[in-house]
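Have a look at the structure below before the remarks.
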Amino acid sequence: MPAITMKVNGQAVCGDVEGRTLLVEFLRDKLGLTGTHVGCDTSQCGACVVHVDGKAVKSCTTLAIACADSEVTTIEGLAKNGKLHPMQEAFREHHGLQCGFCTPGMIMSAVDLVKRNGKKLDDETIRHELEGNICRCTGYQNIVAAVKAGAANM
Amino acid sequence: MENFNYIRPAKVADAAKAMKKAKDGKFMSGGMTLLPTMKQGLASPSDIIDLSGLKNSGVKVGSKSVTIQAGTIHADVAGSKDLKKAIPGLAKLAGGIGDPHVRHKGTIGGSVANNDPAADYPSACLALGATIHTSDRKLAADKFFTGMFSTALKDTEIVTAVEFPIPKKCGYAKFPNPASLYAMVGVFVAQLADGSVRVAVTGAGAGVFRVPEMEAALSKKFAASSLDGIAVKSKNLNSDMHASAEYRAHLITVMAKRAVDAAK
Ligand SMILES: Cc1cc2nc3c(=O)[nH]c(=O)nc-3n(C[C@H](O)[C@H](O)[C@H](O)COP(=O)(O)OP(=O)(O)OC[C@H]3O[C@@H](n4cnc5c(N)ncnc54)[C@H](O)[C@@H]3O)c2cc1C
Ligand code: FES
Ligand code: FES
């Protein structure tokens with residue numbers, strides 16, 4: 001098994017992987033970062049979204065070995081010095097979650113979409129950008145409200 | 001998912017060599033089709049030859065054509081300012097593929113090599129009369145796409161770029177499957193530099209196909225109303241839980257009209 005190194009949430013990490021080890025397996029099973037979820041086996045739900053070298057990707061459809069020497073940010077990496085990230089705070093404030101299973105992916109996608117589209121967002125843009133994130137609970141209304149508010153505070 | 005050897009060569013020639021050596025190798029670009037297929041157990045290659053090491057990404061606009069390197073992700077095609085000016089319909093198509101995360105990994109090379117019958121790019125290639133550049137040769141889109149998930153590519157051949165002639169105008173309209181986001185029906189309409197018109201349909205049949213009746217009507221007059229009363233027969237179209245063949249046949253005319261209206 002080859003050993004790989006990468007930077008996860010700002011810290012250098014290393015570990016042995018097989019070719020087939022998925023990034024999400026590496027994060028959850030090797031590093032114990034269980035905030036990143038797996039909600040489907042068809043690459044459609046977005047519960048597993050993390051940032052690799054600044055881009056939001058599905059960690060269930062990414063090989064860990066292909067991320068060697070990359071910089072990865074997971075939901076655990078957003079809060080700084082015990083203070084929630086503005087997008088996390090907005091989800092709490094606007095009740096953008098019920099069971100919370102989709103939430104890490106939603107928030108990682110939201111942070112990414114703000115980076116690309118700016119802080120002033122209309123509902124249509126937010127809904128279009130969240131097409132790759134499925135929520136079985138909320139009906140999306142409060143998620144959209146949370147993303148809008150979180151974006152303004154970022 | 002079965003295990004495999006993982007190789008990431010830096011040169012096209014080395015990638016082809018690695019493929020020749022492998023028992024049952026597979027090239028991988030974005031992995032957005034290949035990895036889901038392997039996770040379902042539908043493919044279990046002995047070797048994965050990751051083409052991301054080739055670092056062949058970029059959109060180059062020339063005077064008569066636009067060349068997109070095979071490793072360019074959908075998001076970069078959609079976001080290219082130069083492409084938005086030269087072939088806006090193509091940039092719009094790329095921006096409608098899947099979701100943002102798919103667009104951050106999936107590549108044009110992977111998409112044309114895969115030739116999914118519901119994929120978006122093959123329609124643009126066929127309608128614009130694109131040329132597919134490979135490690136061995138250059139192939140016209142008309143010769144490249146040969147049927148459901150099949151292309152003229154040989155086992156060790158690698159798509160390196162896709163070259164699109166700049167049309168007078170073109171447009172794309174897609175009716176996405178709300179769950180998978182792939183095209184239930186997508187129609188790309190292009191009026192080429194010489195004035196001829198090409199219409200290519202994806203999502204509806206076993207593979208992307210042209211519609212000569214629509215092309216003839218639009219060549220006379222490039223307007224949505226020219227398509228009144230022209231419909232593709234439903235006989236050989238796809239029928240599944242999402243849409244019957246008759247419904248898809250109807251959608252083709254509706255989407256073709258929208259594509260004409262959207263053409264820029
Ligand atoms: C949730 C989801 C939604 C999607 N929605 C859409 C959609 O709406 N429209 C759409 O068109 N697509 C859609 N896709 C597919 C996506 O666009 C893929 O990225 C694309 O089809 C394949 O590109 P890739 O770079 O990921 O290729 P890979 O998955 O890496 O490879 C696909 C195939 O092509 C071969 N291959 C790859 N690169 C080359 C090359 N350079 N030369 C020769 N062979 C090569 C591989 O061996 C493999 O067989 C979706 C995918 C997902 C997961
Ligand atoms: S777990 Fe990755 S998309 Fe569902
Ligand atoms: S809050 Fe339960 S899946 Fe979204």
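The values are calculated or read from the model by the stated rules, or taken from the named source; none is laboratory data. Fair warning: this is a prediction, and the values are worked out from it, not measured in the lab. Using ideal geometry, Cβ is built from the backbone for each residue, glycine included, and neighbour counts are taken over all protein chains shown.
Please enumerate the residues belonging to the stretch B:59-95 that are assigned to a loop (DSSP other than H, G, I, E, B) and buried (at least 20 other Cβ atoms within 10 Å of the Cβ).
Within the stretch B:59-95, B:Ala70, B:Gly71, B:Thr72, B:Ser80, B:Ile87 meet the criteria.
May I ask you to list the residues in the stretch A:36-53 that are in contact (Cβ under 8 Å) with a residue 40 or more places away in the chain and either more than 16 Å from ligand 3 (Cβ to nearest atom) or in contact with an Asp or Glu (Cβ under 6 Å, 6 or more places away or on another chain) (or both)?
Correct list: A:Val50, A:His51.
Residues checked against (1) crowded, with 17+ Cβ neighbours inside 10 Å; (2) touching a helix residue (DSSP H, G or I) at 6+ places or on another chain (Cβ under 7 Å); (3) at pLDDT 95 or above:
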position: B:Val197; (1), (2), (3): yes, yes, yes
position: B:Gly205; (1), (2), (3): yes, no, yes
position: B:Val208; (1), (2), (3): yes, yes, yes
position: B:Leu218; (1), (2), (3): yes, yes, yes
position: B:Lys221; (1), (2), (3): no, no, yes
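Between A:Val38, A:Val24, A:Val50, which is touching a Cys at 6+ places or on another chain (Cβ under 7 Å) and either within 10 Å of another protein chain (Cβ to nearest Cβ) or not in a loop (DSSP other than H, G, I, E, B) (or both)?
Step by step, each of A:Val38, A:Val24, A:Val50 is checked, and only A:Val24 is touching a Cys at 6+ places or on another chain (Cβ under 7 Å) and either within 10 Å of another protein chain (Cβ to nearest Cβ) or not in a loop (DSSP other than H, G, I, E, B) (or both).
Conditions: (1) β-branched (Val, Ile, Thr); (2) under 13 Å from the mean Cα position of the chain (by Cα); (3) surrounded by fewer than 20 Cβ atoms within 10 Å (Cβ to Cβ). A:Thr74 meets all but one. Number of the miss?
(3)
Test B:Pro36 against the stated conditions and say whether it is near ligand 1 (Cβ under 10 Å from one of its atoms), within 11 Å of chain A (Cβ to nearest Cβ) and over 22 Å from B:Thr134 (Cβ atoms).
Yes; evaluated as a whole, the condition is true for this residue.
I'd like the full set of residues that are out of contact with any Gly (no Cβ under 9 Å at 6 or more places or on another chain) and within 17 Å of B:Asp116 (Cα to Cα), limited to the stretch B:39-80.
Selection gives B:Gln40, B:Leu42, B:Ala43.
What residue, of A:Ala79, A:Ala64, A:Ala90, A:Ala68, is touching a residue at least 60 places away in the same chain (Cβ under 8 Å) and either loosely packed, with under 15 Cβ neighbours inside 10 Å or in contact with a Ser or Thr (Cβ under 6 Å, 6 or more places away or on another chain) (or both)?
Going through A:Ala79, A:Ala64, A:Ala90, A:Ala68 in turn, just one is touching a residue at least 60 places away in the same chain (Cβ under 8 Å) and either loosely packed, with under 15 Cβ neighbours inside 10 Å or in contact with a Ser or Thr (Cβ under 6 Å, 6 or more places away or on another chain) (or both): A:Ala64.
Of all residues in the stretch B:243-264, how many are touching a residue at least 24 places away in the same chain (Cβ under 8 Å), out of contact with any Lys or Arg (no Cβ under 7 Å at 6 or more places or on another chain) and of a type in the set (D, E, K, R)?
The number of residues fulfilling the criteria is 4.
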